[in-house]
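The values are calculated or read from the model by the stated rules, or taken from the named source; none is laboratory data. Just so you know, these numbers come straight off a predicted model, no measurement behind them. Cβ placement follows ideal geometry from the backbone for every residue including glycine, while neighbour counts extend to all protein chains displayed. Side chains included, ligands, DNA and RNA excluded: accessible areas come from the protein's heavy atoms. Shrake-Rupley method; radii C 1.70, N 1.55, O 1.52, S 1.80 Å.
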Amino acid sequence: MISKRRLADLVSTRLMLAATALVGVTVLFIAVMLFLKARPILATNSLGDLFLSSSWRPSRGEFGLFPFIMGTLWVTVLAGIIALPVSILGALYITEYAPPRVRAVAKPVVDVLAGIPPVVYGVWGLVALSIGGIAIGFNVLSGSIVLAIMVIPVILGVSEEVFRMVPQDVKEASLAVGATKWETARNVVIRSSLPGLAAATILGFSRAFGETMAVLMVVGNIARVPSSPLDPAYPLTALIANNYGEMMSIPLYDSAILLAALVLLLVVLFFNIAARLVLIKVQQKWA
Amino acid sequence: MNDICLRIHGLNVSYDGHTALKNIYLDIPHRQITAIIGPSGCGKTTLLRSINRLIDLTDGAKIRGEIWLDGHNVMSDREDVTSIRKRIGLISQKPSPLPMSIYDNVAYGPRIHGMRDRKELDKTVRSCLETAGLWTEVKDRLQSPATRLSVGQQQRLCLARSLAVRPEVLLCDEPTSALDPVSSQNIENRLIELKKDYTIVIVTHNIHQAMRLADYVVHLYLGELVEHGPASEVFQRPKQDRTRAYINGTVLTKPRTDVEINLKGKVCPLNFVFAKAALENLEIGQVLKVIVDYPTAITEVPRAMEYDGHKVLGVKQLNETDWEVIIQKRE
């Protein structure tokens, strides 16, 4: 006879397995469902027309997603370029340089930034960047700045945790041979944090790819491939949010939108996997 | 005054109002090994960290006083702290390899101080690794990460890294406390060799180590300098009662051996079995001396005995191959 304790142990193990499986299955379920719903358009339009064509004329049955894919990449990558150095240098300052009093204030401020709802950032971007204030207009740059401000707390917060994990002994070892603080930060702190920083970046980018509200409000939403940061863009997320449920009388329109969602899912998945591969490489080198 | 390397003049250190060092006046002799002894929390490490200014990193530390290294006051704000630290190397308690290759660890200091020439770097790396007694073990894998070395090798790497910037003083903060007996012995031998070229200051909890190494002894107690002088005087005829008590407390309680067994030629795990069997027959508090020559046994026998709840009083090398392990029986 199985004792009560053993039974509890067995049940809890299975329960945890089920919970984990549920998470994995959900991703698969979403992907499969999106694929099934996108199938009608995949059957009528060629892949080349869908992904590489720039013409988006739903009423004529032309659903070129290329401008939206490029819009997403432009906004996200530019946001990353703005956010990464700010986050990493900020985190470095807070952990390595800031006097205790500054540290005590900076940390909660960063946490508050992370908690502000996206729509608030969007309205602020609209008022401060696009029309009033700096008046950059509705374009990639406005979208990237808003997005960067949104992901900075995420990347900065994680980077800070990562930097804090670097043992004091190792930093002192560097200082003890006569390295300056900056040399130590660069050669020791950042270097031993590389895997963690990569993880922080993945986290930040994953959020940036999917962020909709704030970006949609400032980015212009014109279905054209941007050629500079000052051009308007129309990211995939904005396309889905703006159009699903509207104009459903147009044939294949909903199928095209769900295809866009599938593409977004695949792009994020691709970035995650690529980043993880990089992470494994980096870890192997320093483990 | 040629025989004095460091002159500590009226050093006071406090952390958030708690005094760590009180009015220390001390001369540290040139090219000798000075051991700083005393119980935990007596300010040994604070003194060491003051000498190379690592104490600056501690939040809330307040420092007054002067430390002179030939004409430079280390404590002065006008001195460049990086050039002071270049002259005063540090070996810390826990080996702390930098997150880079073995080669880069040793080349780190010279590179920072401007050495770029590949040949010159190669030469420095090699000679420092040789001095640290690590060259033959790592010469074929200089590019592999330093963290893959064993703890004992890592500590010798740290020694090589310190030597690479050609310091004059070497500060050692309990450099063997994280190491097994063989590696400790190895580091001690290096230090003895190095004292012909370097002034060495070692903080140690281990009075036997101080006795083996020190030419000069400094006894600190609760932040005060109790006594200092040549090792022979301090150890044999301590002037202060507190020093006598400290030395006696850790040395003279060494009990005589009740039983001795010779396990030479016995490999692991046979030597455990014999040691355990011998302990079975002893009364609590009695002492067993075991002689072993199997390399693994030197570290593993003491560890296993401590795991069983007994107290290991000492591990000592007797000759080329033989080591003695002294174990006191507990419950």
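Observations
- Accessible area of chain A belonging to carbon and sulfur atoms, whole % at 1.4 Å probe: 72 percent
- Helix B:118-131 axis, angle to chain B major axis (alpha carbon atoms, nearest 10°): 40 degrees
- From the C-alpha gyration tensor of the stretch B:210-296, square roots of 5λ in Å: 37, 16, 10
- Solvent-accessible surface (1.4 angstrom probe) belonging to B:Ser92, in square angstrom, nearest 10: 30 Å²
- Tail weight of P(r) past 45 Å, computed on alpha-carbon pairs of the protein assembly as shown, percent: 42 percent
- The mean number of partner chain beta-carbon atoms within 10 angstrom of a residue's beta-carbon across peptide B:145-151 is 1.
- Total accessible surface hidden between A and B, rounded to 100 Å², 1.4 Å probe: 2000 Å²
- Per residue, in Å², the accessible surface of the protein assembly as shown once ligands and nucleic acids are set aside, probe 1.4 Å: 49 Å²
- Each DSSP beta bridge with both residues in chain B is either parallel or antiparallel, and the antiparallel ones are about 65%.
- Dividing the convex hull volume of the alpha carbon atoms of the stretch B:49-145 by its residue count gives 137 Å³ per residue.
- Fraction of antiparallel bridges per DSSP, the protein assembly as shown only, in percent to nearest 5: 65 percent
- Relative contact order of chain B, pairs being alpha-carbon contacts under 8 Å that are 6 or more residues apart, as %: 18 percent
- Whole-number D in µm²/s for the stretch B:259-328 (Stokes-Einstein; Kirkwood sum over Cα pairs; 25 °C, 0.890 mPa s): 210 µm²/s
- The long axis of helix B:151-163 is offset from the longest Cα principal axis of chain B by roughly 20 degrees.
- Angstrom value of the Kirkwood radius, inverse mean 1/r, which spans all Cα pairs in the stretch A:1-153: 20.6 Å
- Estimated FRET transfer efficiency when R0 is 51 angstrom, pair A:Thr180-A:Val25 (beta carbons, to 0.05): 0.45
- Span-like helix check, chain A: qualifying full DSSP H segments, with Cα axial length of 20 Å or more and mean Kyte-Doolittle of -0.5 or more, are A:4-44, A:66-92, A:100-115, A:140-165, A:191-210, A:253-286.
- Along each principal axis, Cα extent of chain A, largest first, Å: 73, 71, 34
- Interface residues, the stretch A:152-180 - accessible area loss of 40 Å² or more versus chain alone, probe 1.4 Å: A:Asp169, A:Val170, A:Glu172, A:Ala173, A:Leu175, A:Ala176, A:Val177, A:Gly178
- Shape descriptor for chain B: Rg over Rh equals 1.00 (Cα atoms; Rh from the Kirkwood inverse mean 1/r).
- The stretch B:111-260: relative contact order in percent, alpha carbon pairs under 8 Å with at least 6 residues between: 15 percent
- Rolled with a 1.4 Å probe across the full set of protein chains, the surface gives B:Cys268 an accessible area near 40 Å².
- Computed over the stretch A:121-254, the quotient of the alpha carbon radius of gyration and 2.2 N^0.38 Å is 1.46.
- Measuring with a 1.4 angstrom probe and ignoring ligands and nucleic acids, B:Thr136 comes out at about 100 Å² accessible.
- Expected-Rg normalisation [2.2 N^0.38 Å, Cα atoms] applied to the stretch A:185-287: 1.42
- Using a cutoff of 8 angstrom between alpha carbon atoms and counting only pairs six or more residues apart, the relative contact order for the stretch A:18-138 works out to 8 percent.
- Summed residue charge, Cβ within 12 Å of A:Ile41's Cβ, Lys/Arg positive, Asp/Glu negative: -1
- Tilt relative to chain B, helix B:270-280 - C-alpha long axis, 0 to 90 degrees, to 10: 70 degrees
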